[in-house]
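**Student:** Attaching a single structure in structure tokens format; questions to follow.
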Amino acid sequence: MTGIVDAQRLVKTFGRVRALDGLDLFVQEGEVHGFLGPNGAGKSTTIRVLLGLLRPGGGSVSVVGLDPWRDAVEVHREIGYVPGEVALWPNLSGGEVIDLLTSLRGGADRGLRAELLRDFDLDPRRRARAYSKGNRQKVALVAAFARRARLYILDEPTSGLDPLMESVFRRQIERVRAEGATVLLSSHILSEVEQLCDRITIVRAGVAVETGTLAAMRHLTRTSFRVQTAATAERIADLPGVHDVRRESELLTFDVDTECLAPVLREVALSGVTGLSVAPPSLEDLFLRHYGDSGRPRSRTRV
Amino acid sequence: MWRLLWADARRDRRQLLIWLVGIALVVAGSAGAVSSEFSSEQARAGLLAVALATPSLLALRGLPNGSGLGALIFFQIFAFVAVVVGLLNTFLATRHGRADEERGRRELVAAAPLRRTAPVTATLIHGTVLNAVVAAVAAGALIVNGLDAVGAAVTGLAVGVTGFVCLGFGLLVNQLTPTSRAANGIGAAFVGSAYAARAAGDALGSPDLANLSLRSAWPSWISPIGWGEQTLAFSDNRLWPLLPGLGLGAATAAAALLVQSRRDIGASLLPERRGPAASGALRGNLALSWRLQWPSLVGWVVAGALLGLLTGGLATAVADATLGNPQITDVLQSLAPGGGGDITGIFIAALIGLVVILAAAAGMQGVLRLRDEEEEGHAELVLATAVRRSTWLLDAVIVAVVSVLLVLAAVGLTASLSFLLNGDRSHARAAVSQAAAGVPAALVFVGLVALLVTVLPRFAVAFGWGLFGVAVAIGLLGALLRLPAAVRNLSPFSHVPTVPIESWTSTLLLLALTVALTALAVVAVRRRELVI
Ligand SMILES: Nc1ncnc2c1ncn2[C@@H]1O[C@H](COP(=O)(O)OP(=O)(O)OP(=O)(O)O)[C@@H](O)[C@H]1O
Ligand SMILES: [Mg+2]
């Protein structure tokens, strides 16, 4: 199995900061891959390595089957990129920036460019200095999408966009997915990731801590229970896979690992339950668990 | 606000220390050299007699005010030091003004519970204190050479007040221009025209041969550097000519505060025009490099052209004044190292030598812009496309080389034109050749910064301009300071031959050096990553 992006055990240090510490990332051709992690986890650094803008201190990378450091130009011909921090030339107009950047990749698709300008509601004649943050972001998005690419690498592409524009952005992702392109999307917005991504990778402190489909990841999370009962909590608390048991007068709350649900349900049924609510595992819990963990990440899981 | 001032000062401390040490060395060095070279009254009187008879020499140097030792030193170095201190101030105003605003740092400060004018006030105090220190350093450097303390103090004050005018002007310009580049350009043009106005005023002045002094013509009196000269330090020690400078500095600073208190953040008084909806000619990386360079290049080319026009006019005056005076020839020859040929030829070489410095600066700017591009995040956009790292560098080098050629072509052609108008065909040809002879020395700096940007990106700007400053100081003051030949030879500006060229060695060496530096840079940039 070959991926369009295949990075293994990437290491990158800046002086004494270890930004990437053995990171693995695998993206299959044709998928939309979410790339998540807390601030400073190493997402942008990874992306710059994938583009050959930074040279990895260790590990191996291949992008569209090539080494991005050695064959940067050939790799870039296949890529549309939106950087994490969009900085435009203040004196150029939006239209000029879009044409300049697409011309450097071989020229824009005129029809696509016009359509994108219309959909994103962007005035191409304003000077970049005069654009709002969201409008600068749109310029970068139009420049990336106005020429068809095999791989789109988007570093927090919706930062600064209003909800309406976010939906325009999602339509573009659906379009390029339908056209068979691959997208690597770094993001902090869970709903966006949930809607768009086929698979995700979560990084923390320069290491990929989870990677897989969302459905598979849900299994890793816990279901939370709120049970109205007069019975004591001990029997439930003693069961395997039960965590964070708390009691407030009649209300008993606890979380259960997905694979240990059956015995817990049996015990709840026997406990004289008078009210019950069960919340499914939420992505947010999953992320918060990874984002919030203190210390080094635990062993890596591959799903 | 005091915290802000403190933060500004901390940010600048290394850079300012270098400027201060440089100023101290130049002042103390020239004072020492002049003292030992012209220790006798007679030698000084001889030099001044020549200078007074040579308008072009007055234009390049300054205002003679008697044959005292201190007065001679003041004549030799004041204008040069004033230009350096002037640039120091306009750059400082931009660094803490438009540049901060452009990069969004100002917004963080502006949101703090401070008066809207606090950043400008902080820079005003910062710059004023700096000028006081510069004044003290300049005065001190003269006093340790055993010169009269009153004259030294007046010299220091003149330098400090000139700096203050440029500070006020710089603060105001930063309120009006949309970009920091424009602010720096207008600031440098202000300092340059202050120098040029007094050059004209001194060249056209009426000499008083009995007192070995000069009454400047009116252009000196509209120049802040001219006002400093008019203190006639060490002879008359007048302070009143500094009053217009204090007034102008205070007025422009007050205007800057006023504009700042009424202006929106990020706004400039120059209106924003709408741009094109699509890029016409702006396709490809070379076009981008050119687009980023040409606005500032216009300024360099105009400056070169004006100096060229001046060359023809002044050269005729030199030739008239110097017919059969060997002393003048000696002095002029010390200004155009390696000079041979006739007196007008040497003068052409001296003036075009100044433009070679401008051309080098224009070229350096073209390459050093890569560093700005990288820091501001633009390089990331470009290098993520199908542009090779080596292309990215070489396109900037090409634009820089073109800049050097254009600036020198401007001076060569206008100087040549000004000779043709006088019917002097041979010097018209000489002017063009002389401008061409300066090309290699300017190109070396392009190669140098190409390598610096590649291998020492974080220090490239400081190192590049630092080395340039040293090379300019050695080139312009090396002869005056009696620096050893080995040191003078280090500056490319010492290797501009005077036409007719007898030896091509230095020309070929400089060209080879440029090619070698650029080739090294290209090899190194292939293995260089983005440095943000
Ligand atoms: N040029 C650099 N020099 C020094 N350290 C750097 C540099 N670039 C990144 N780092 C460090 O590397 C780590 C990873 O940074 P990176 O920008 O990749 O994070 P990120 O995951 O993109 O974060 P965010 O979500 O905030 O964008 C951080 O600790 C950062 O401080
Ligand atoms: Mg990032």
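The values are calculated or read from the model by the stated rules, or taken from the named source; none is laboratory data. Just so you know, these numbers come straight off a predicted model, no measurement behind them. Backbone-built Cβ (ideal geometry, glycine too); neighbour counts: all protein chains shown. When the accessible area is computed, the model is the full protein with side chains, heavy atoms only, and any ligands, DNA or RNA have been set aside. Shrake-Rupley method; radii C 1.70, N 1.55, O 1.52, S 1.80 Å.
**Student:** Under the rule of -39500 (n - 2.57) per DSSP H run of 4 or more residues, summed and divided by the residues of chain B, what mean residue ellipticity at 222 nm is obtained, to the nearest 500 deg cm²/dmol?
**Tutor:** Value at 222 nm, helices only: -25000 deg cm²/dmol.
**Student:** Please sort A:14-23, A:44-53, B:414-423, B:383-392 by packing, taking for each peptide the average over its residues of neighbouring beta carbons within 10 angstrom, highest first.
**Tutor:** The peptides rank, most packed first, as A:44-53, B:383-392, B:414-423, A:14-23.
**Student:** Counting only residues 5 or more places away or on other chains, whose amide H sits under 5 Å from the amide H of residue A:21 once H atoms are built in the peptide plane?
**Tutor:** For residue A:21, whose amide H was placed from the backbone, the distant partners under 5 Å are A:12, A:207.
**Student:** Per residue of region B:438-443, what does 6.51 cos²θ - 1.76 cosθ + 1.60 with θ = phi - 60° give for ³J(HN,Hα)? Whole Hz please, x for Gly and Pro, Karplus curve as stated.
**Tutor:** Going residue by residue, I get x, 4, x, 4, 6, 5 Hz, with x marking Gly and Pro.
**Student:** Before I look further, what does region B:1-268 give for accessible area per residue, probe 1.4 Å, in whole square angstrom?
**Tutor:** Here the per-residue accessible area is 40 Å².
**Student:** Using a 1.4 Å probe on protein heavy atoms only, how many Å² of accessible area do B and A hide from each other, summed over both chains and rounded to 100?
**Tutor:** 3600 Å²
**Student:** Follow-up. Roughly how many nanometres apart are two label points built 7 Å out from the Cα toward the Cβ at residue B:222 and residue B:504?
**Tutor:** 4.7 nm
**Student:** Leaving out ligands and nucleic acids, note down the accessible area per residue over region B:378-419 with a 1.4 angstrom probe, in whole Å².
**Tutor:** 27 Å²
**Student:** Could you work out the Kirkwood radius for region A:1-127, taking every pair of different alpha carbons, averaging 1/r and inverting it, reported in Å?
**Tutor:** 16.5 Å
**Student:** Going by amide H atoms built from the backbone, whose H comes under 5 Å of the H on residue A:203, apart from near neighbours?
**Tutor:** Amide H to amide H, under 5 Å and 5 or more residues apart or across chains, residue A:203 pairs with A:36, A:37, A:209.
**Student:** Still on this structure, please answer the following. How high is the relative contact order of region B:1-268, in percent, with contacts defined as C-alpha pairs under 8 Å that are six or more residues apart?
**Tutor:** Reported as a whole number, the value is 27 percent.
**Student:** Under a plain spin-label model, where a point goes 7 Å from the Cα along Cα-to-Cβ, how far apart in nm are residue B:114 and residue A:17?
**Tutor:** Roughly 2.5 nm, to one decimal.
**Student:** Over region B:340-472, what is the mean sequence separation of C-alpha contacts under 8 Å (at least six apart), divided by residue count, expressed as relative contact order in percent?
**Tutor:** Result for region B:340-472 is 35 percent.
**Student:** Around residue A:276, which amide H atoms from residues at least 5 apart in sequence, or from another chain, sit under 5 Å from its own amide H, with H modelled in the peptide plane?
**Tutor:** The answer is A:228.
**Student:** Return the sequence-ordered ³J(HN,Hα) values of region A:176-190 in whole Hz as given by the Karplus equation 6.51 cos²θ - 1.76 cosθ + 1.60 applied to θ = phi - 60°, using x for Gly and Pro.
**Tutor:** 5, 5, 4, 7, x, 7, 10, 10, 10, 10, 8, 7, 10, 9, 5
**Student:** In addition: Rounded to a whole number, what % of the accessible area of the protein assembly as shown do carbon and sulfur atoms account for, probe 1.4 Å?
**Tutor:** C and S atoms contribute 61 percent here.
**Student:** Using a ≥ b ≥ c from the Cα gyration tensor of chain B (square roots of the eigenvalues), is it rounded, prolate or oblate, where a/c under 1.5 gives rounded and otherwise the larger of a/b and b/c decides, a/b for prolate?
**Tutor:** oblate
**Student:** Going by Cα centres, region B:94-135 and region B:14-29 are how many Å apart?
**Tutor:** Measuring centre to centre over Cα atoms gives 23 Å.
**Student:** Still on this structure, please answer the following. Enumerate the whole-percent occupancy of each 10 Å bin, from 0 to the last occupied one, for all C-alpha pair distances of the protein assembly as shown.
**Tutor:** Bins of 10 Å from zero give 2, 11, 18, 19, 16, 12, 9, 6, 3, 2, 1, 0, 0 percent of pairs.
**Student:** Apply the Debye scattering formula to region B:284-532, with a single equal point scatterer on each alpha-carbon and no solvent, then give log10 I(q)/I(0) at q = 0.10, 0.11 Å⁻¹.
**Tutor:** -0.50, -0.59
**Student:** So what does log10 I(q)/I(0) come out to for region A:63-169 at q = 0.16, 0.21 Å⁻¹, using the Debye formula with one equal point on every Cα and no solvent?
**Tutor:** After summing over all Cα pairs, the log10 values are -0.68, -1.12.
**Student:** When ligands, DNA and RNA are left out and all protein chains stay put, how many square angstrom of accessible area per residue does region A:134-191 have with a 1.4 Å probe?
**Tutor:** Result: 32 Å² per residue.
**Student:** Another question, then. Evaluate the relative contact order of chain B (contact order divided by residue number), counting alpha-carbon pairs under 8 angstrom at least 6 apart; express in whole percent.
**Tutor:** 15 percent
**Student:** Rounded to whole Hz and in sequence order, give me ³J(HN,Hα) for region B:219-232 from the Karplus expression 6.51 cos²θ - 1.76 cosθ + 1.60, θ = phi - 60°, writing x for Gly and Pro.
**Tutor:** x, 5, 7, 9, 10, x, 6, x, 4, x, 4, 5, 5, 6
**Student:** Using alpha carbon centroids, what distance separates region A:217-242 and region B:152-211, in Å?
**Tutor:** Answer, in whole Å: 80.
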